[in-house]
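Participant: First the structure, then my questions, so here it is.
Read-outs: derived from the displayed coordinates by stated rules, not from any lab. Note that the coordinates shown come from a computational prediction; the quantities given were computed from them, not determined experimentally. Using ideal geometry, Cβ is built from the backbone for each residue, glycine included, and neighbour counts are taken over all protein chains shown.
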Amino acid sequence: MIKETKIQKESIERHKFCDICGIEIHIGLTCSVARCSYCRKDLCNDCVGNEEDTFGDYRDVSCKKCWEIGEPYRLLTEELHSKIEALNKEWHDKCKETEI
């Protein structure tokens, strides 16, 4: 004997909202997710302050506030990178001058 029973299933819908402005963010592919790399807030595209070019599935973004806070740090790291490049060049040039 086969007896059929109707079962109702409860489904859960997940909605994601921007932590800054509160508008709903449509959940899609992983590459569409924007979360600030610094404060970890979920962001809509309008609240993204900066987005780095990435080649993977994840976006490297920062919110406008964290991007603004980071300005002096970005300038300093740029200077330090330049100094490091100059030191590496000097090192390589000295090695080229030495005879083997």
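Participant: When a/c reaches 1.5 or more, the comparison of a/b and b/c decides; with that in mind, is segment 14-69 rounded, prolate or oblate per its Cα gyration tensor?
Facilitator: Oblate shape, in that a/c is at least 1.5 and b/c is the bigger or equal ratio.
Participant: Using alpha carbons only, how many degrees (0 to 90, rounded to 10) separate the axis of helix 71-97 from the longest principal axis of the chain?
Facilitator: Compared with the principal axis, the helix lies near 50 degrees.
Participant: What's the ranking of 88-94, 43-49 by average number of surrounding C-beta atoms within 10 Å, highest first?
Facilitator: Highest-to-lowest ranking by the protection proxy: 43-49, 88-94.
Participant: Give me the number: length gained by fully extending Leu75 to Lys89, i.e. 0.36 nm times residue separation minus the C-alpha to C-alpha distance, one decimal in nm.
Facilitator: Residue separation times 0.36 nm, minus the Cα-Cα distance, leaves 2.9 nm.
Participant: Lysine pairs in the chain 8 or more apart or on different chains: how many have alpha carbons under 18 angstrom apart?
Facilitator: The number of close lysine pairs in the chain is 4.
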